[in-house]
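For reference, the structure discussed in these notes is given below.
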Amino acid sequence: MRVTIRDIQEMKARGEKIPMLTAYDSASARLLDDTGVPMLLVGDSLGQVVLGYDSTLPVTMDDMLHHVKAVVRGSKTALVVADMPFMSYQIDAKQALANAGRFLQEGGAQAIKLEGGRHVANSVHCIVQSGIPVMGHLGFTPQSVNQFGGYRVQGRSAKAAAALLADALALEQAGAFCVVLELVPAALAKLITERLRVPTIGIGAGPHCDGQVQVFHDFLGLIPDFAPKHAKQYASLGETVKTAAAAYMDEVKRGVFPTDKHSFTMDESVLAEVTKTSPREG
Ligand code: KIV
């Protein structure tokens, strides 16, 4: 039985922190699911960390569906949230609902996430009314990187902070079951968290959010030369991978790998027969 949005909301009511991690494939989803993490987000950050783009903007519905299906196959208990990619929901509520539906119907996800506040509230309402749980996303919303002029903390001025709070309340009013706050001053994230009944999930938004989310490659140190301020590396897997690959290459070159342990046998009489019936040419 998977975690439900009700379980997530009850965690806030109990004052229990909500950890979320991103996942993009079946093997990593299985590892994370085994730890009991309650929510896995198939983020459109896959554009950068998996597909090698320099932003999330080129990611398509087909890209997302491909990875959402893999994460659903790899996990058993986590609530899987599928991220709506750029231009899959911005046109109108009809487009947003149709694409959100694909993530549940074809992808097997239990919820979707989309970016934006009051201007997407109507779409959020339509999606939720159709039975699809929606996670909001405010603050620095990566699909608007060009509008923001770079990767910047949002909500530092009184006007911007008030707008963020209004956006969060609008998402809650529209039926969002929780809201991600990205790159938001900790004090503002605290205020929003106190004002909302639904949980906030922070990334670069300080310790007062109801939950936290980290990107798979960031928290595992898989991209050694990239360490954003909001991320903490709990392992150095990038270095581990390089060390393992170097050891493998060394053993292959020296003929040390593979050994009998990694090889398969056959009956010697069969080999003798093949050698006899198929003599070497020339
Ligand atoms: O795409 C993503 O991984 C996200 C999280 C950083 C919240 O949106």
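Would you confirm whether any residue within the range 182-197 is touching a helix residue (DSSP H, G or I) at 6+ places or on another chain (Cβ under 6 Å), of a type outside the set (A, V, I, L, M) and touching a residue at least 24 places away in the same chain (Cβ under 8 Å)? No; the residues of the range 182-197 include none that is touching a helix residue (DSSP H, G or I) at 6+ places or on another chain (Cβ under 6 Å), of a type outside the set (A, V, I, L, M) and touching a residue at least 24 places away in the same chain (Cβ under 8 Å).
If you go through the range 191-219 and keep only what is assigned to a helix (DSSP H, G or I) and crowded, with 19+ Cβ neighbours inside 10 Å, you end up with 192, 193, 216, 217, 218.
Of the helices (runs of 4 or more DSSP H) lying entirely inside the range 1-102, those containing at least 2 residues that are assigned by TED's automatic domain parsing to the domain that holds residue 221 and within 15 Å of the ligand (Cβ to nearest atom) span 26-34, 46-49, 61-74. Within the range 131-150, the residues that satisfy the criterion of being within 14 Å of the ligand (Cβ to nearest atom) and either assigned to a loop (DSSP other than H, G, I, E, B) or among the charged types (D, E, K, R) (or both) are 140, 141.
The values are calculated or read from the model by the stated rules, or taken from the named source; none is laboratory data. From a predicted model like this one, the values you see are computed outputs, not experimental measurements. Cβ: placed from backbone, ideal geometry, glycine included. Neighbour counts: every protein chain shown.
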